[in-house]
1. Given the criteria surrounded by fewer than 19 Cβ atoms within 10 Å (Cβ to Cβ), touching a residue at least 24 places away in the same chain (Cβ under 8 Å) and either under 20 Å from I89 (Cα atoms) or of a type in the set (F, W, Y) (or both), does I231 qualify?
2. Given (1) farther than 27 Å from L139 by Cα; (2) charged (D, E, K, R); (3) crowded, with 23+ Cβ neighbours inside 10 Å, identify the lone condition not met by K237.
3. What pairs come out if I take residues in the range 112-130 that are on the phi > 0 side of the Ramachandran plot and loosely packed, with under 14 Cβ neighbours inside 10 Å and pair them with residues that are modelled with pLDDT under 90 and assigned to a loop (DSSP other than H, G, I, E, B) whose C-beta lies under 9 Å away, six or more apart or interchain?
4. Only one residue in S284, S265 is of a type in the set (S, T, Y) and within 20 Å of I136 (Cβ to Cβ), so which one is that?
5. Which ones in the range 254-298 are of a type in the set (S, T, N, Q), in contact with a helix residue (DSSP H, G or I) (Cβ under 7 Å, 6 or more places away or on another chain) and modelled with pLDDT under 80?
6. Pick out the one residue from A81, A71 that is modelled with pLDDT under 80 and not polar (S, T, N, Q).
7. State whether one or more residues within the range 295-305 are more than 17 Å from A62 (Cα to Cα) and among the polar types (S, T, N, Q).
8. Going residue by residue through the range 259-268, is there one that turns out to be among the charged types (D, E, K, R) and in contact with a strand residue (DSSP E or B) (Cβ under 8 Å, 6 or more places away or on another chain)?
Amino acid sequence: MDLFTSLFLLLFVLIILISAASEMVESSIYIAKKLNIPKAIIGATILAYGTSSPEILVSLQANLNNEASIALGNVIGSNIANVCIGMGILYFYGIKKLNIKPDFTTSILFLILSTFVVIFHMSDGVIARHEGFVQIGMLIALNVLLIREARNIENEAQVTFSDYSFFGYKTHSLSLISLILFFSIIILIFSSNLVVIYAIESSALLKIDASFIGLSIIAVGTSLPEILVTIASIKKKEFSIAVGNIVGSNILNMLGVLGIPALFSTFDISSDDLNYQMIFLFLSSVLIFLPFIIDKFRKTISVVYFGLYLFTLYYFGVNA
């Protein structure tokens, strides 16, 4: 297979992966609302896992194919893309200083804790099975706390329902929408496997490290759901939702995307750039705090975010 064909197929499968994830999220939310599940719980569980499902499945397939470097690059690249692109867009459009309200406190504490725990697990170049269980246990604990907090919130007014639209075809049939959800998950599984295969093929043809492919092309592709949620939140001037989505996604990426593959087999992430990768992972968590402490120099900060992302790609690209 030639390079052009390999890259074309990689991008094509990424588009399918993202489309399937989008349909999975939309159908999941619609079903949850139909079953009268509170919106706060939908956001804390279904939406968070839905937008991060591409990262989880790609990393799981990469680890099963003994290409853990792609999985690690995907996590670091996705977290940096979420922060630098997402926050960069937010500051560019004039985000104001946020308060760490009760709905942010739990997530922020878990972000700090999960960052240090994951870096500690990565420090020896391996995430062992028992460490994977620790990370998944933390993720479960976070979801339990978020759901309990959501249940303490006063019941919100019911949302006016409109028909579910699937490529222009409108329906309100719960059985049909459930079928769409089922096939979206199946497509996600198969397309995530193909993404890994073509990423390995492309990295070999380009003669660069597979981790850079994971950190760049795959990371941006699998981060698009979060970025799209950020843009949609900006249009509605719901800045806190956008930041909450980025915080939650980055926690899930670190704990789930690296933890779930470790449950199936030891996650060998040894790399010549491991120390630098851990630094960038830590940096992606630190940069999330800016909207809580700074509300000036917005355009300048947005340029810093975008510039840091370009520097990340340059650094790992040169060293690939």
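The values are calculated or read from the model by the stated rules, or taken from the named source; none is laboratory data. These figures come from a predicted structure and were not determined experimentally. So basically every Cβ, Gly included, is an ideal-geometry build from the backbone, and we count neighbours across all protein chains shown.
1. For I231, the condition - surrounded by fewer than 19 Cβ atoms within 10 Å (Cβ to Cβ), touching a residue at least 24 places away in the same chain (Cβ under 8 Å) and either under 20 Å from I89 (Cα atoms) or of a type in the set (F, W, Y) (or both) - is met.
2. (3)
3. G125/I269; G125/S270; G125/S271
4. Details: S284 fails: within 20 Å of I136 (Cβ to Cβ).
It is S265.
5. Once the filter is applied, which keeps residues that are of a type in the set (S, T, N, Q), in contact with a helix residue (DSSP H, G or I) (Cβ under 7 Å, 6 or more places away or on another chain) and modelled with pLDDT under 80, the range 254-298 yields S265, T266, S271, Q277.
6. When all the criteria are applied, what remains is A71.
7. yes
8. yes
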